[in-house]
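The values are calculated or read from the model by the stated rules, or taken from the named source; none is laboratory data. Computed from a predicted structure; not experimentally measured. When we count neighbours, we look across all protein chains shown, and the Cβ atoms used for this are built from the backbone with ideal geometry, even at glycine. We work out accessible area using only protein heavy atoms, side chains counted, and drop any ligands, DNA or RNA first. Shrake-Rupley method; radii C 1.70, N 1.55, O 1.52, S 1.80 Å.
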Amino acid sequence: MNFIKNNLANAITLGNLFSGCVGAVHLILGDYQTTAICIILSLVLDFFDGFVARALKANSNLGTQLDSLADMVSFGFIPGLTMFKMLEPFGNELFGLQLPFEIKYFGFLITLFSCLRLAIFNLDEEQKYYFKGLNTPSNTILVFGLFYAFKEIQSFSFLLENVLFLLIFTVISSWILISPIKMIAMKFKSMKLQDNYPKLTLLIGSILILAIFKIVGIPMVILYYIFISIIFQKQLN
């Protein structure tokens, strides 16, 4: 019984990893809808592994390391691979110049910085009630959300068919992962209303955005999250 108690959270984490692997394979095959399902499943499992570990008082260093390793696939490799797919149509041509390599590989810059962000997070003891830099699940939702809206209803086509935008977006997406900007974390240090204005503003605004814009609202929610986090910088501690 103790074995199950001590390893249930780790099993959930490995489920996150498995879902990420399946999602990556289907993204390579062009089945982005299955990838979307896998990302959602990974997000759910990523939440519940920590919840179960705390509930069962089974937190461990092993669990911490497993969590980051699983996230590296689900929320590190997948967004990089998504950008790889978005840059793929442009081949090795940039502004009329023939490059010695294909531009699509530049998308994996997001994967490299996701790895760096996860390593920093594991060593940073400050990020208990807030994140420093955009967390990898949110970055994945932003990157894949743009791609998904484009594939489903051709939204953001004026952006995603522009190689310059995609390259700039890749750099910004990579940088914000390790930026010093404080980001809201849905962890409650206090139950006082005034201490939770940032979280409430984020929650209510996100619900409204999704209700109004639906699929298009998915990446917009992350942009809103970044905006609200910047607005409430001084209240995040």
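The numbered conditions (1) at pLDDT 95 or above; (2) open to solvent by less than 20 Å² (accessible area, probe 1.4 Å) are all true for Ile209 except (2).
As a summary of the residue check, Ile230 satisfies the conditions (1) β-branched (Val, Ile, Thr); (2) out of contact with any Asp or Glu (no Cβ under 8 Å at 6 or more places or on another chain); (3) under 30 Å from Phe90 (Cβ atoms) except for the one numbered (3). Taking the criterion of being in contact with a helix residue (DSSP H, G or I) (Cβ under 7 Å, 6 or more places away or on another chain) and either buried (at least 19 other Cβ atoms within 10 Å of the Cβ) or under 26 Å from Met83 (Cβ atoms) (or both), the residues of segment 29-51 that qualify are Tyr32, Thr34, Thr35, Ala36, Cys38, Ile39, Leu41, Ser42, Leu43, Leu45, Asp46, Asp49. Selection of first residues in segment 173-186 that are open to solvent by 40 Å² or more (accessible area, probe 1.4 Å) and of second residues that are part of a loop (DSSP other than H, G, I, E, B), restricted to Cβ pairs under 6 Å at least 6 apart or on distinct chains, gives the following pairs, ordered by first then second residue: Ile178/Gly133; Lys182/Leu236. Pairs are defined by a Cβ separation below 6 Å, a sequence spacing of at least 6 or placement on different chains, a first member in segment 215-232 that is over 14 Å from Ile204 (Cα atoms) and aliphatic (A, V, I, L, M), and a second member that is at pLDDT below 95 and part of a helix (DSSP H, G or I); the pairs so defined are Ile215/Glu152.
Residues that are over 22 Å from Gly145 (Cα atoms) and not in a helix (DSSP H, G or I) were ranked within segment 182-202; the one that is modelled with the highest pLDDT is Lys182. Out of the residues in segment 67-88 that are crowded, with 24+ Cβ neighbours inside 10 Å and β-branched (Val, Ile, Thr), which is farthest from the chain's Cα centre (by Cα)? It comes out as Thr82.
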